[in-house]
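Everything below concerns the one structure shown next.
The values are calculated or read from the model by the stated rules, or taken from the named source; none is laboratory data. What you see is a predicted model, and the numbers here were worked out from it, not measured in a lab. Every residue, glycine as well, gets a Cβ built from its backbone with ideal geometry; the counts of neighbours run over all protein chains shown.
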Amino acid sequence: MQKTMLIDTSRCIGCRACQAACKQWNQLPAEKTEFRGSYENPARFSSITWTKIVFREHEENGKVRWLFAKQGCMHCTEAACIKVCPANAIYRTEFGTVKIDPQRCIGCNYCAANCTYQVIGFDQAANVARKCTFCHDRIANGKEPACAKTCPTGAITYGERADLTALAQQRAAELQKAGYSEANVYGIEELNGLGMIYVLQERPAAYGLLENPRIRLSTVVWDYIFKPVRILVVIAAFFALWVNRGESKKESA
């Protein structure tokens, strides 16, 4: 039952309604920012900004037009954050999305440092990592994510992955026929599939998306070598505590 969101950039008008809805539903405070020469605001993701609209100027044949796209956690199938988390605080939900358990997070910040799309923020006050939850609390109760619910143009569609994959491919074909020769679908194959599928009018790079996203070699090394060692250390610690408990009982007797 893998859930997905389809972001059709050809229908996005850059209104930021999804950005505001994310803030409101998750009770996230406003971000204090400064003008940096771009309409994109805030400039980066943080522990209190999980969703934002990217603004890109695209020039072609002497003409300039705006490209907009909602971005946030991609809920990757091959998720670097899950691989590096030493506390197993990041996991895949029953809907196929990626979620951080703040109760288990130890504040190591490995997930933020290794995130392929750099969308994880770190809350220094609480010492935990935070990001988009795919509105797990809403979808678990049969509702759609807040961003999809509020989008006024239908640029965000929520549903089953198989259905939205077919819809995305159909929409990309329509855009190609309409004259957008570079129209494509992003998120079906990237990192073995993303929880966010995009219909793009131009190549991914034009929207600030990675053309061929890859997990870092250091992440792979950690997952295959150091993470199992961590598990052995935890087992050894529990064994030591068990032995110490037994010895304590003998002494008290």
* To do: Could you figure out which of (1) within 23 Å of C15 (Cβ to Cβ); (2) assigned to a loop (DSSP other than H, G, I, E, B); (3) under 21 Å from the mean Cα position of the chain (by Cα); (4) not β-branched (V, I, T) isn't true of Y180?
  => (3)
* Those residues that are within 24 Å of L67 (Cβ to Cβ) and either surrounded by fewer than 14 Cβ atoms within 10 Å (Cβ to Cβ) or not assigned by TED's automatic domain parsing to the domain that holds Q19 (or both), I need them from the range 140-159; list them, please. => P152, T153, G154
* Structure fact -> Residue pairs within 6 Å by beta carbon, gap of at least six or interchain, first lying in the range 84-107 and crowded, with 17+ Cβ neighbours inside 10 Å, second assigned to a loop (DSSP other than H, G, I, E, B) and among the aromatic types (F, W, Y), listed first then second, are T97/F134
* Selected residue [assigned by TED's automatic domain parsing to the domain that holds G193 and free of Cβ contacts under 8 Å to residues at least 40 places away in the same chain] from N26, N41 -> N41
* Of the conditions (1) acidic (D, E); (2) within 21 Å of K23 (Cβ to Cβ); (3) over 18 Å from the mean Cα position of the chain (by Cα), E144 fails just one. Which one is it? -> (3)
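Residues to consider are I13, I53; find the one that is hydrophobic (A, V, I, L, M, F, W, C), in contact (Cβ under 8 Å) with a residue 40 or more places away in the chain and assigned to a strand (DSSP E or B).
Numbers: I13 fails: assigned to a strand (DSSP E or B).
Only one candidate qualifies: I53.
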* Within the set of pairs 6 or more residues apart or between chains, which connect a residue that is within 20 Å of H136 (Cα to Cα) inside the range 147-168 to a residue that is polar (S, T, N, Q) and modelled with pLDDT under 95 with Cβ atoms less than 6 Å apart? -> R161/Q2
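Give the residue, chosen from L175, L167, L210, L191, that is at pLDDT 95 or above and part of a loop (DSSP other than H, G, I, E, B).
Numbers: L175 fails: part of a loop (DSSP other than H, G, I, E, B); L167 fails: part of a loop (DSSP other than H, G, I, E, B); L191 fails: part of a loop (DSSP other than H, G, I, E, B).
Just one listed residue meets the conditions, L210.
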